[in-house]
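Read-outs throughout are calculated quantities, based only on the coordinates presented, and are distinct from any laboratory measurement. A quick note: this is a predicted structure, and the numbers were derived from the prediction, not measured. All Cβ positions, glycine included, derive from the backbone under ideal geometry; neighbour counts span all protein chains shown.
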Amino acid sequence: MTAIFHQIFYKLASVLISIAMLFGASGDCIKADNSAWNTNYKFVFVHGLSGWGSYDAQYRLMPYWGMFGGDLMKYLNDKGFDCYAASVAPSSSAWDRACELYAQLTGSVVDYGKQHSERCGHERFGKDYTGIALIDKFDEENKINLLGHSFGGATVRLFASLMENGSEAEQNATDESEISGLFTGGKGDWIYSIITLAAPHNGTTAYNIDNTDAENTGSSKLEEMLSGLVSKANDMGGKDGRIAEDYADYDMTIDNALELNKSISTLKNTYYFSIPCNASTMNESGNYVADSKKMEILFRASSNAMGAYTGTTEKGFVIDESWKMNDGLVNTVSAKAPIGAPQTEYDENHVEKGVWNIMPIYNGDHMSLQGGLFKTNDVKGIYVDLLSMVNSLEG
């Protein structure tokens, strides 16, 4: 999601909050069968680009998780789950967001790392969450499940990898007495499962299409839509000294996403699941176009541009026909699993740790699993089933 969508959501919320309350108050016959549960670890939800969580004021006005369909966290908690919505920077890099997530989960001061902060040109320390931790306990006995939507997927993957492996660069640059626990490693077993939702594991062509490519796609609207966010990030870098690499839009391009993947490992003792989305259909020319019945109007121009695009990145990655199917902002194939990581199609009778279990493609656009924007999408049952499945796994 780009910053412009965030602004639209926030302004609409004050006008349409009554609609959200109306949908949230509707009858409910969904039940969570906990008879097969083997665990009930906490579920921590991490939002995508330009999103917000429970630490943010706008979450009370309109929750990111549930949107106009009502607060999904409250709903799931009422069903017997233990769910929380983290708040990480809306446009920062996966690294910065992972550091913020760690501070919220441990009730500590955000430490972006001595080496990282000096290299990227910003303050080393951020907000202090002492006394206001998101959860009460977080350790090997009190594991968590992480769910990441969109760029939240990269955030939770990098977070888990740092928990397991730490950071050699930060260890070399920092005195042992003052280094963050996130960078020392040895904590991978604190994470029970990772679930990504419409996440651009390998980047998205939404950030690779430029004015030159517009001649091939027949549309320059996508580039216009994204240029505002890219320009904003570059401008901020020039004003406060932060380098452009430390913003989310950098990590979202295919070449940079693939480079980021090299620093992220798949934890052998953690369950991995991904849910890719699609709201496009193939036309007679073999391109994919937005399905107006499934795709929010805000995403249709980008969907059509992505659905017609093939090419080669600057570093030589070939974007072939398999990248055309999309949810409006993320290519469906990219949302399945990081390239090169262990992966398999989801089989409810055989779920292994340390392997990406790719779940069936969800028929909806990029925001459908959050409850939708103008088209309110009731996803409560999906999450009850999903979280129940996780709780039913062998510990």
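So here's what we get for this one:
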{"quantity": "Gyration tensor (alpha-carbon) shape descriptor, segment 302-373, a/c threshold 1.5", "calculated": "oblate"}
{"quantity": "Mean residue ellipticity (222 nm) of the chain, computed from DSSP H runs ≥ 4 via -39,500 (n - 2.57), nearest 500", "calculated": "-10000 deg cm²/dmol"}
{"quantity": "Virtual spin-label span in nm between K293 and D78, 7 Å along Cα→Cβ", "calculated": "3.1"}
{"quantity": "Segment N172-F125, length gained on full extension (0.36 nm per residue, minus Cα span)", "calculated": "15.1 nm"}
{"quantity": "Pairs of Cα atoms farther than 41 Å apart, the chain, %", "calculated": "9"}
{"quantity": "Taking S368, S303 and counting other C-beta atoms within 10 Å, the order from fewest to most", "calculated": "S368, S303"}
{"quantity": "Global geometry of segment 241-395, whether rounded, prolate or oblate, following the gyration tensor of its Cα atoms and the 1.5 cut on a/c", "calculated": "oblate"}
{"quantity": "The chain - percent relative contact order, Cα under 8 Å, separation 6 or more", "calculated": "18"}
{"quantity": "Ranked packing of 273-279, 101-107, most packed first, by mean Cβ within 10 Å", "calculated": "273-279, 101-107"}
{"quantity": "For the chain, share of DSSP beta bridges that run antiparallel, in % to the nearest 5", "calculated": "25"}
{"quantity": "For segment 268-319: rounded, prolate or oblate by the Cα gyration tensor [a/c cutoff 1.5]", "calculated": "oblate"}
{"quantity": "Long pairs among K315/K353; K42/K137; K42/K353; K74/K380; K79/K294; K31/K137, criterion Cα-Cα beyond 21 Å", "calculated": "K315/K353; K79/K294; K31/K137"}
{"quantity": "Gained length - S35 relative to K262, 0.36 nm times residue gap less alpha-carbon distance", "calculated": "77.7 nm"}
{"quantity": "Ordering of 310-321, 198-209, 73-84 by packing [mean C-beta count within 10 Å, highest first]", "calculated": "198-209, 73-84, 310-321"}
{"quantity": "Sequence ranges 37-44, 323-330, ranked by mean other-Cβ count within 10 angstrom, highest first", "calculated": "323-330, 37-44"}
{"quantity": "Pairwise centroid distance, computed over Cα atoms, of segment 239-261 with segment 264-279, Å", "calculated": "21"}
